[in-house]
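The values are calculated or read from the model by the stated rules, or taken from the named source; none is laboratory data. In this text, all values refer to a predicted model and were calculated from it rather than measured experimentally. Methodologically, a virtual Cβ is constructed for each residue, glycine included, from the backbone with ideal geometry; neighbour enumeration extends over all protein chains shown. What goes into the accessible areas is simple: the full protein's heavy atoms, side chains included, and nothing from ligands, DNA or RNA. Shrake-Rupley method; radii C 1.70, N 1.55, O 1.52, S 1.80 Å.
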Amino acid sequence: MLEKMKNKWLNQFENENTRKQYRVTLDQFENFVGEDVSSYLKGLEWKDFWEDLQGFWKSLSDKAPKTQNNRVRVIKLFFKDHGIEIPDPEWGKFRRRRMRASRPQTQDRAGRKEEWRRIILSMASPQGRALYLTLLSTGARIGETLQIRIDDIDFDSDPARINLRAEYTKGGVGDRTVFLTDEAESMLKSYLEWRKGKKNAAGAAYDETDEVFPFTQQTAREMLYNALDRAGLDSRDRNTNHRKIHTHSTRKFFRSNCGLGEALTHAIMGHREYLDSSYLRVDPDRAAREFEENMGNLKIFGGGSS
């Protein structure tokens with residue numbers, strides 16, 4: 001019963017990854033206030049909630065500013081939907097004075113081909129190598145990629161492509177097609193063959209799921225971080241101590257190296273304002289031809305060096 005209120009609210013969001021992230025945030029707020037949200041709401045006045053929300057924001061000071069601010073917005077939205085709304089003047093003043101990122105930003109980077117080659121070769125598992133070559137090839141978000149199913153992959157097309165369904169995408173902005181370099185395609189095929197008859201780290205049989213990468217974002221990050229350590233590339237920003245190469249670096253790598261036109265680059269990456277105007281939607285075969293012509297720019301083990 002205690003979970004019913006949260007589940008009902010979370011189920012209104014179509015994107016599975018959004019629901020997972022929002023649930024984590026609600027759980028964190030419950031831990032902060034020391035009770036479940038349904039009990040907390042009883043007799044709650046906005047002033048008391050506002051004081052707790054500001055305290056919750058401070059408790060997230062070890063997070064990146066964007067993460068800290070987004071989690072507070074999630075909690076604000078949840079309570080607004082349940083009748084507790086912070087007056088606009090109070091929220092506006094807090095947002096202007098406190099939520100601007102005043103702490104140093106991590107000087108992250110895309111990573112060079114030679115570095116990604118070392119990272120991929122340092123990954124202990126085929127699923128890690130397949131995942132990160134797929135990310136580097138497609139420019140897709142990690143949350144989107146972890147939701148793809150086997151029947152979303154079209155190995156018969158040239159180049160091979162993946163259909164990212166609307167429910168996988170950030171904000172459910174609509175489905176789109178992304179493409180695989182031949183080395184990413186080869187690694188993905190090898191991984192899917194390797195996993196037959198095996199179980200993942202949690203003991204679940206791969207054969208019982210149609211998910212291509214049946215693990216969490218945290219597991220995906222750990223795969224990368226362990227490989228960075230083994231490759232001697234675990235460099236940190238001296239101000240934030242955050243890694244300079246992380247999961248989002250794959251999108252920066254794609255954008256910096258793909259060599260595609262601006263509109264097509266943004267459309268493949270799932271930027272809302274470019275999706276409808278780009279021929280990625282109108283003529284995906286034309287987009288595929290342009291990708292194939294520039295494929296060498298994204299190949300880690302072949303093509304030009306960078």
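Report the calculated FRET efficiency for D234 and K42 (r = Cβ-Cβ distance, R0 = 41 Å), to the nearest 0.05.
0.30
Once ligands and nucleic acids are excluded and a 1.4 Å probe is used, how much of L41 is accessible, expressed in Å² to the nearest 10?
In the full protein context, L41 sits at about 30 Å².
Working from Cα positions, state the angle (0 to 90°, nearest 10) between the long axis of helix 126-138 and the longest principal axis of the chain.
Once rounded, the angle reads 90 degrees.
Ranked by accessible surface with a 1.4 Å probe, highest first, in what order do S125, S61 come?
The residues order as S61, S125, largest area first.
Keeping all protein chains in place and using 1.4 angstrom, which order do K113, K299, K42 fall into by accessible surface area, from largest down?
Largest accessible area first, the list is K42, K299, K113.
Where the accessible area of the stretch 1-113 is counted over protein heavy atoms with a 1.4 Å probe, how much of it, in %, is carbon and sulfur?
Taking all protein chains in place, the stretch 1-113 shows 45 percent carbon and sulfur surface.
Through the Karplus equation 6.51 cos²θ - 1.76 cosθ + 1.60, θ set to phi - 60°, convert the phi angles of the stretch 85-93 into ³J(HN,Hα) values in whole Hz; use x for Gly and Pro.
10, 7, x, 3, x, 5, 5, x, 5
If you build a Gaussian network model of the chain, linking Cα atoms that sit under 10 Å apart, which residue out of G92, G143, G296 swings the most?
Highest fluctuation of the listed residues: G92.
Between D156 and D182, what length in nm is gained on full extension when 0.36 nm per residue of separation is reduced by their alpha carbon distance? It would help to have the intermediate numbers written out before the result.
Working: separation 26, 0.36 × 26 = 9.36 nm, distance 1.21 nm.
Roughly 8.1 nm would be gained on extension.
Per residue of the chain, what 222 nm ellipticity follows from adding -39500 (n - 2.57) for every DSSP H run with n ≥ 4, rounded to the nearest 500?
Per the formula, -15000 deg cm²/dmol.
Would you mind getting the accessible area per residue of the chain, heavy atoms of the protein chains only, 1.4 Å probe, in Å²?
51 Å²
With the alpha-carbon atoms as the only input, what is the per residue convex hull volume for the chain in Å³? If you can, show how the numbers build up before the last one.
Values: hull volume 47.4 nm³, N = 306.
Convex hull volume per residue, Cα atoms: 155 Å³.
Cα to Cα, under 22 Å, and not fewer than 8 places away if on the same chain: which lysines meet these conditions relative to K8?
By straight Cα distance, K8 reaches K20, K42, K76, K80, K170.
Ordering D154, D81 by accessible area with a probe of 1.4 Å, largest first, what comes out? Mind dumping the intermediate values first?
Details: D154 55, D81 80 Å².
In descending accessible area the options line up as D81, D154.
Can you give the accessible area of M295, probe radius 1.4 Å, in Å² rounded to 10?
20 Å²
Using the charge dipole of the stretch 113-297 (Lys, Arg: +1 at Cβ; Asp, Glu: -1 at Cβ; taken about the Cα centre), state which of Q218, G261, T181 has its Cα farthest towards the positive end.
Q218
W91 accessible area, nearest 10 Å², 1.4 Å probe?
Estimated to the nearest 10 Å², W91 gives 30 Å².
Rounded to the nearest 20 Debye, what is the dipole magnitude of the stretch 220-269 about its Cα centre when Lys and Arg each give +1 and Asp and Glu each give -1 at the C-beta?
The dipole magnitude comes to about 100 debye.
For the Cα atoms of the chain, what angle does the longest principal axis make with the long axis of helix 284-293, in degrees from 0 to 90, nearest 10?
Relative to the chain, helix 284-293 is tipped by roughly 60 degrees.
If I take the Cα coordinates of the stretch 1-83 and project them onto the principal axes, what are the three extents in Å, biggest first?
32, 30, 19
Let me spell out the model: positive unit charges on the Cβ of Lys and Arg, negative unit charges on the Cβ of Asp and Glu, origin at the Cα centre of the chain. What dipole size does that give, in debye rounded to 20?
That gives a dipole near 1400 debye.
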